[in-house]
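Q: Below is the structure I would like to discuss, written out as C-alpha cells.
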Amino acid sequence: MNIPRFWAKGICQGEDTRGRKCRFVANGWSFASLQEAREEASRRARRVFEIITAGRTPKQYEYLDRPIREEIVREIGDGNAPAAIVTRNRYGALVLNCAGVMFVDVDYPPPRARGLLERIKLAFSPKLRDDEWQAAAKARIEQVEQWAGRNPGRGFRLYRTKEGLRLLFTDRLYDPASDATAATLSELDADPLYVRLTRKQQCFRARLTSKPWRCDCSCPPNAFPWETPEAEAKYRNWQETYAKRDAQYKVCELVREFGAPADNETIKTIVDVHDRETRISADARLA
C-alpha cells in the first residue's frame, strides 16, 4: 500500500526577480522517518520557489502521481505488512485501506428529468426524488445480481450506501495492481478514477465514517500535515465535534450476501472492522 507514515510541510521564502517577497509551501513524505519527510518537503518547496521565481510554470502533479496524503490512525494486522491501514482523509472521514481485501463502490446514476416540467417536479418534490433514487437502487442491485449470476464462483457482501452500493469481496484476496482486478472493477461499473487509484496506490479503499456535510458538520479547518501545534489543536477540536455528529449516522447497511466466503482470517477481520465501524446494524440514517 502506497501510504507513507511520515508527512511534513516545507516552506521556502525569498524574493523573485522583481524583488517581490514570495512564500511557497510544499508537502514531503517518507516511509522511514519524519526527518526524511521534512527534508523532502524542504526540497520540494525550494524547487517550486525556483521554478516560479524564474518565470516558469511548474509541472502539474496529479493525485495519481502522489502517495496518499492522509494521517494514519491505526494499522490492522502485522505491523511489517499490515492487512489494512485506517487513515483520515482530506475532509476528515476515516477510510479503510486494504492490501488484498477488495471493495467496490458503485454510485447510482443521478435522476434524469425528461423535460422542463419533470425537472421542476424533481426540484420541489422530495417524494419524487426518493422514488427516483429507489428505482436507481433497484436497477443497480439487479445489475449486480446479474453479474453474480455470470460469475458463480465469486463471493461478496452487498451493502447499500447513501448514494450507491458497496461490494466487499469475501471469496479470496485480490491484487489491487492486477489487470484481472481492474477488469472486475470495470465490469461492476466502478468509478474509473477509483479503478486507476486502486492500481496506482496499491490498495482498496472504503469510507468508514460520514462525510461531514451529511452529518450536519462543517469541513475541517485545515489539513494534515499541520504547520504548527496550534493548527493541529484546532483540527483536533473540530475532530471531536465531527465524531459526535457522525455517531448519529451509519455509512452503509447490508443488503445480502453472494457466494461462499473463504476461510481466511484476514478477510474475516476486515469484514468485522468494516461492519462494526460503518455501524451497519444501527437504527440510523445513511450518511
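The values are calculated or read from the model by the stated rules, or taken from the named source; none is laboratory data. Not measured: the values here are computed from a predicted model. In this analysis, Cβ positions are derived from the backbone assuming ideal geometry, glycine residues included, and neighbour counts consider all displayed protein chains. Ligands, DNA and RNA are stripped out before the accessible areas are found, and what is left, the full protein with its side chains, is counted by its heavy atoms. Shrake-Rupley method; radii C 1.70, N 1.55, O 1.52, S 1.80 Å.
Q: Counting only residues that are under 27 Å from PRO220 (Cβ atoms), at pLDDT below 75 and not basic (Lys, Arg), give me the strands (runs of 3 or more DSSP E) lying completely in region 20-135 with at least 2 of them. Talk me through it step by step, then tell me what you get.
A: Details: elements: 21-30, 71-76, 84-88, 94-98, 103-107.
Those strands (runs of 3 or more DSSP E) do not exist here; none qualify.
Q: With the structure loaded, tell me whether GLU227 is surrounded by fewer than 16 Cβ atoms within 10 Å (Cβ to Cβ), in contact (Cβ under 8 Å) with a residue 12 or more places away in the chain and of a type in the set (Asp, Glu) or whether it fails that test.
A: yes
Q: Of these, ARG160, ARG166, which one is under 17 Å from the mean Cα position of the chain (by Cα), open to solvent by 40 Å² or more (accessible area, probe 1.4 Å) and more than 30 Å from GLY10 (Cα to Cα)?
A: Step by step, each of ARG160, ARG166 is checked, and only ARG160 is under 17 Å from the mean Cα position of the chain (by Cα), open to solvent by 40 Å² or more (accessible area, probe 1.4 Å) and more than 30 Å from GLY10 (Cα to Cα).
Q: Hey, another quick one. Given (1) open to solvent by 70 Å² or more (accessible area, probe 1.4 Å); (2) part of a helix (DSSP H, G or I); (3) within 30 Å of ILE85 (Cβ to Cβ), identify the lone condition not met by ILE11.
A: It is condition (2) that ILE11 fails.
Q: Same structure, new question: State yes or no: is LYS234 open to solvent by 50 Å² or more (accessible area, probe 1.4 Å), among the basic types (Lys, Arg) and modelled with pLDDT under 95? Outline the logic, then answer.
A: On the way: open to solvent by 50 Å² or more (accessible area, probe 1.4 Å): yes; among the basic types (Lys, Arg): yes; modelled with pLDDT under 95: no.
So LYS234 fails the test.
Okay, residues lined up against (1) surrounded by 18 or more Cβ atoms within 10 Å (Cβ to Cβ); (2) polar (S, T, N, Q):
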residue: ASP189; (1), (2): no, no
residue: GLN201; (1), (2): yes, yes
residue: PHE204; (1), (2): yes, no
residue: SER210; (1), (2): yes, yes
residue: CYS215; (1), (2): yes, no
residue: GLN248; (1), (2): no, yes
residue: THR269; (1), (2): no, yes
residue: ASP272; (1), (2): no, no
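Yes/no matrix, rows are residues, columns are (1) closer than 30 Å to ARG154 by Cα; (2) more than 18 Å from the chain's Cα centre (by Cα):
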{"site": "PRO220", "(1), (2)": "no, no"}
{"site": "PRO229", "(1), (2)": "no, yes"}
{"site": "LYS234", "(1), (2)": "no, yes"}
{"site": "TRP238", "(1), (2)": "no, yes"}
{"site": "CYS252", "(1), (2)": "yes, no"}
{"site": "GLU257", "(1), (2)": "yes, yes"}
{"site": "ASP272", "(1), (2)": "yes, yes"}
{"site": "ALA282", "(1), (2)": "yes, yes"}
{"site": "ALA287", "(1), (2)": "yes, no"}
